[in-house]
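As structure tokens, the structure follows; a few thoughts come after it.
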Amino acid sequence: MGYVSATHKRMDHVVREVATLPQSVRPCLVLLGQQDDSTEGVRRLATDLLGPQGFRIASVGYEQVKTYYGAADCFVLASLKEGFGRVLLEASMHGLPCLVDDNPVMRYVLGVVGVFVNMGQTGDLAAQLRDAACWRSDQEARLGRFHHVVKGFSWQALEAQYVQMLKHTQATGRRA
């Protein structure tokens, strides 16, 4: 969910990492999002490394995304830098383990429920993906991910902070 891109989102990295997994545990890789100039290269790479039946690239409407979350075993965001990563909150609300680069923004968003990987290091993502299928079946962990998002990022949790920010802005005459 985002861009099927070899640039910022590094979908080519995800394809290469999945391709190193043994066939017996290799998932069918689904890459969802808008497509850009690099998408066709990602598609060719996936066809070469995973075979035409080993992946799917698609752009779907927001209302369809939850169906994909429901079918997924985990969620991967391979970008090395993100401003926030709202998609991680969405995936976590659906109970999915999120495999992300180990950096301060991702640690802030996911806290104790994140699976932190050195996305710049070849093999680190593949090592974590070997165990991903069993993570989804752990109902307690799924609920923990959901509650992490509600506790930290729901409107109820953020309301007081927004009110404080707006009062401060009004009092100082500054823009938020």
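Quick note: the coordinates plus some simple rules give every number you see, no bench work behind them. Model, not experiment: these values are computed from the prediction. As a convention, Cβ positions derive from the backbone with ideal geometry for all residues, glycine included, and neighbour counts pool all protein chains shown.
Taking the empirical scaling 2.2 N^0.38 Å for compact globular proteins as reference, the chain has a Cα radius of gyration ratio of 1.13.
Close amide H partners of residue 35, meaning residues 5 or more places away or on another chain with modelled amide H under 5 Å apart, are 4. Extension gain, residue 66 to residue 131, is 21.1 nm, computed as 0.36 nm per intervening residue step minus the present C-alpha separation. Here the extension length gained between residue 103 and residue 35 equals 21.9 nm, from 0.36 nm per residue of separation less the Cα-Cα distance. A simple spin-label model places pseudo-atoms 7 Å from Cα toward Cβ; at residue 171 and residue 147 they are separated by 3.4 nm. Distance from the alpha carbon centroid of the range 143-163 to that of the range 108-131 works out to 23 angstrom.
By the rule of a C-alpha distance below 12 Å, with chain neighbours fewer than 8 residues away ignored, the aspartates and glutamates paired with residue 9 are 36, 82, 101. Taking packing as the residue-averaged number of other Cβ atoms within 10 angstrom, the listed peptides 53-59, 159-165, 91-97 run from highest to lowest as 91-97, 53-59, 159-165. Each of the peptides 78-84, 108-114 was scored by the mean count of other Cβ atoms within 10 Å over its residues; in descending order, highest first, they stand as 108-114, 78-84. Summing charges over neighbours of residue 77, with a neighbour being any other residue whose Cβ is under 10 Å away from its Cβ, gives 0 when K and R count +1 and D and E count -1. Along the positive direction of the dipole of the chain (beta-carbon charges: Lys, Arg +1; Asp, Glu -1; about the Cα centre), which of 170, 89, 158 reaches farthest? Positive-end residue among those listed: 170.
Adding -39500 (n - 2.57) for every DSSP H run of four residues or longer, then dividing by how many residues the chain holds, sets the calculated 222 nm ellipticity at -15000 deg cm²/dmol.
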